[in-house]
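Quick note: the coordinates plus some simple rules give every number you see, no bench work behind them. Note that this is a predicted model, so its numbers are computed, not measured. Cβ placement follows ideal geometry from the backbone for every residue including glycine, while neighbour counts extend to all protein chains displayed.
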Amino acid sequence: MSSPGAVSPLRTPTDALDRALARADAYRVLATAFRDPDDPGAEDALDLRALRSAVGELGAEPPPEAWPALRCIARHASRAPEHRAIFGHVVASGCPPYETEFGRRHVFGQSQELGDIRGFYEAFGVRPRKGGERPDHLACQLEFLALLALKEATALATGEDERLGVCRDAAARFLADHLGRWLPALAGRIAGRAPDSGYTATATVAAALVADHARELGAVPVALDPDDLVPITDTPDGFSFECGVDVEGGDLAPPGS
């Protein structure tokens, strides 16, 4: 990663504020799309109007065929079966929406990565909600970026340069170390499994927005490949041990909720 938190000098404060707000909207809608539709708190409809407006503001317009595909999963009744069909299979042959399922790693390494992701969340006053998804779930990571974008917009509106730098630096590091690395791999696996599905369109839009965000902040993720979905090994570096980690996750929530 180079120049974390840097932003193009050509952007005016008003332009930067508009982009931060648009990015918050886009990430929020995409997080809703990838959230488990069987969760009691799952929203009925996706706000595709807000998503399309945000994508237009950010200049990341997807192929025209993406919008009809997205409309096919706009309602919960149509989104739920497609979500189950794509994400509900075993990890080895499916499309797991969890970061730590991608890349060669062992159980101990997985727990370290989960801890690092939790650290990002806790630094900004949120944590996974009990009974929800793991912190490495795509919906949680998109929701976190939406939160950072809102905090960036607030800092821009109030002229708080130090807070602005903190938000942009955190987003740059999170994109470089986490979402920017594995989302392209997930998008590739979804496209391979269901090329004409609404979730292929959703993942394509999400991957394009994340890549654009990373470029704007000067982050350089080393993207994983769709084939980098490999089983977790129990024995790291020749050592045998038992791991009793039981990580609960879910949607982000303030402490005490």
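Could you pull out the trypsin sites (Lys or Arg not before Pro) across region 14-104 that fall in loop regions by DSSP (anything but H, G, I, E, B) with no more than 11 other Cβ atoms inside 10 Å? Numbers along the way, then the final one.
Values: sites: 19, 23, 28, 35, 49, 52, 71, 75, 79, 84, 104; in loops: 35, 104.
Those that pass, being in a loop and sparsely packed, are 104.
By counting other Cβ atoms within 10 Å of each Cβ, how are 124, 102 ranked from fewest to most? The partial results should precede the final answer.
Details: 124 16, 102 24.
Listing 124, 102 from fewest to most nearby Cβ atoms yields 124, 102.
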Legend entry - Potential extension, residue 196-residue 222 segment - 0.36 nm per residue separation minus Cα distance: 6.6 nm
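Taking region 13-234, how much of its Cα-Cα pair set, in percent, is spaced more than 24 angstrom apart? Display every interim value, and only then the final one.
Details: 9945 of 24531 pairs.
Of all Cα-Cα distances in region 13-234, 41 percent exceed 24 Å.
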Legend entry - Length added when fully stretched, residue 12-residue 65, from 0.36 nm per residue minus Cα-Cα: 15.8 nm
Legend entry - Per-pair calculated FRET efficiency, R0 = 25 Å: residue 215 and residue 160 via Cβ, rounded to 0.05: 0.55
